[in-house]
Amino acid sequence: MNAVSTPETTALDGPAAGKWQAVAIEGMRHWTPVLRSFRIPRPPGFRFVPGHYARLGLDDGTGKPVWRPFSMVSGPDDDFLEFVVVLVPGGEFSERLRSRQAGDEILVEKLSLGFLTLDQLAPGRDLWLLASGTGIGPFVSLLRDGRTWRSFERLVLAHSVRRGDDLAYREEIAALPGTRDGRLRYLPVVTRETLPGALNARLPQLFADGELQRAAGLEIDVARSRVMVCGNPELTREMRALLAARGFQPGRRGVPGQMAFEKYW
Ligand SMILES: NC(=O)c1ccc[n+]([C@@H]2O[C@H](COP(=O)([O-])OP(=O)(O)OC[C@H]3O[C@@H](n4cnc5c(N)ncnc54)[C@H](OP(=O)(O)O)[C@@H]3O)[C@@H](O)[C@H]2O)c1
């Protein structure tokens, strides 16, 4: 496993010379001792689509930066880039990031990439966003983008974490106008303790049992539902199989589908 949650589709090599720049970290938020978000200024000309990731690099003075890909959490029109990271003991990038704070330097690739984007999905009525751990990041970016709200009538965001404290962005999501007016149903899922108001089993089981759909007050069917899954690779594998059995297909060669995935680490 990589040092931190990373989309596994990307090589861990750094970008070529001239394809990255150094910026100062603007702010760091500690959700738990091992879970944090940070912001950097958006480099001039840096454009991305929600769901994309870019490589970040940390140099410890040896001139050999360690690079890892991270999904953007910020919205596409924000003047900052935001990322969410879980620190893994002994991880090369994690150990370098652990002591970093606002004002410290980080390297950022000038390009962004990725397939967990709305263009991978055929038009539909309901958008389901299923995340585990830091897989919430690209979905927060999607929710910060007006296009997402214009593209679907109903949205469901289910976030599976071990403990309640790991529910990063919970308050921001609960405060969204779309949550308050009922267009977005936010479903926290906490698997290693009991938290009032949260579901308490892994997402594939909740889906297979219909508990997820009952909690959202919506069915999941291929005619009207579009599903994005991001996080633990086993979770993405299991959800892909369960959804495929109900007729869902991923986008292929420019033909949009009904489901899209990003595996982390
Ligand atoms: N979060 C922490 O406090 C912490 C601390 C130190 C290191 N780390 C490391 O960082 C990495 C990421 O940790 P994380 O807590 O963000 O992610 P995680 O271990 O993947 O857990 C996040 C959520 O995904 C669920 N999950 C795990 N495997 C699944 C599967 N096969 N199918 C469906 N759901 C599944 C977990 O349920 P279960 O609870 O049932 O597993 C939990 O609800 C891990 O390798 C971990 O060892 C995390």
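Nothing in this text is a laboratory measurement; each read-out follows from the coordinates by a stated rule. Just so it is clear, the model here is predicted, and its values are computed rather than measured. All Cβ positions, even for glycine, are placed from backbone atoms using ideal geometry, and neighbour counts span all protein chains on display.
Which aspartates and glutamates have a Cα less than 13 Å from the Cα of Lys263, not counting those fewer than 8 places away in the same chain?
Glu8, Glu234, Glu238
Residue by residue through region 154-165, which ³J(HN,Hα) values in whole Hz follow from phi under the Karplus form 6.51 cos²θ - 1.76 cosθ + 1.60 (θ = phi - 60°), with glycine and proline marked x?
10, 10, 10, 10, 10, 10, 9, 9, 6, 10, x, 5
Work the Kirkwood hydrodynamic radius out for region 118-263: mean of 1/r over every pair of different alpha-carbon atoms, inverted, in Å. Could the numbers behind the result be given before it?
Numbers: mean 1/r = 0.0661 Å⁻¹.
So the Kirkwood estimate lands at 15.1 Å.
Compare Gly251, Gly63, Gly135 in a GNM of the chain, Cα atoms joined below 10 Å, and give the one with the largest fluctuation.
Top of the fluctuation ranking is Gly63.
Divide the volume of the convex hull of the Cα atoms of the chain by its number of residues and quote the answer in cubic angstrom per residue. All intermediate terms of the calculation are to be shown ahead of the outcome.
On the way: hull volume 33.2 nm³, N = 265.
Roughly 125 Å³ of hull volume per residue.
Could you work out the relative contact order of the chain? I mean the mean sequence separation of Cα pairs under 8 Å and 6+ apart, divided by the number of residues, in percent.
Working: 561 pairs, mean separation 55.6, N = 265.
With pairs under 8 Å counted, the relative contact order is 21 percent.
For the chain, find the longest principal axis of its Cα atoms and tell me its angle to the long axis of helix 233-244, 0 to 90°, nearest 10.
So the helix axis and the longest Cα principal axis differ by about 30 degrees.
Give me the orientation-averaged projected area of the Cα convex hull of region 1-153, in nm², one decimal. List each step's numbers first, then the result.
Details: hull surface 37.1 nm².
It is 9.3 nm².
Taking a cut-off of 18 Å, what percent of all Cα-Cα pairs in region 39-84 are separated by more than that?
Details: 322 of 1035 pairs.
Of all Cα-Cα pairs in region 39-84, 31 percent lie more than 18 Å apart.
Which one, Phe152, Gly137, Met72, projects farthest toward the positive side of the charge dipole computed for region 45-159 from Cβ point charges (K/R +1, D/E -1)?
Value computed over the given set: Phe152.
Non-local amide H neighbours of Gln249 (under 5 Å, H modeled in plane, Pro and chain starts lacking H): which ones?
It is Gln258, Met259, by chain and number.
May I ask you to list the lysines whose Cα is less than 18 Å away from that of Lys110, ignoring any residue fewer than eight positions away on the same chain?
Counting by Cα, and skipping residues close in sequence, Lys110 has these lysines nearby: Lys19.
Relative contact order of region 20-109, please, whole-number percent, based on alpha carbon pairs below 8 angstrom and at least 6 residues apart. Mind dumping the intermediate values first?
Values: 169 pairs, mean separation 36.1, N = 90.
Result for region 20-109 is 40 percent.
Go through region 46-105 and name the trypsin sites (Lys or Arg not before Pro) that are in a DSSP coil and have 13 or fewer other Cβ atoms within 10 Å of their Cβ.
Arg47
Given axes a ≥ b ≥ c from the Cα gyration tensor, I'd like to know whether region 211-256 is rounded (a/c under 1.5), prolate (a/b larger than b/c) or oblate.
oblate
Can you give the translational diffusion coefficient of region 147-192 in µm²/s, computed by Stokes-Einstein from the Kirkwood radius over Cα pairs at 4 °C and 1.567 mPa s?
Working: Rh = 11.3 Å.
The estimated diffusion coefficient comes to 114 µm²/s.
Show me, for region 57-72, the HN-Hα J-couplings you get by feeding each phi into the Karplus relation (A = 6.51, B = -1.76, C = 1.60, θ = phi - 60°), rounded to Hz, glycine and proline as x.
With coefficients 6.51, -1.76 and 1.60, one gets x, 10, 9, 9, x, 8, x, 10, x, 9, 10, 9, x, 9, 6, 6 Hz.
Mean separation of Cα pairs under 8 Å and 6+ residues apart, divided by the residue count of region 74-163: what relative contact order is that in percent?
Working: 72 pairs, mean separation 32.2, N = 90.
Result for region 74-163 is 36 percent.
Could you tell me which GluC sites (Glu not before Pro) in region 216-258 are loop residues by DSSP with no more than 16 other beta carbons within 10 angstrom of their beta carbon?
Glu219
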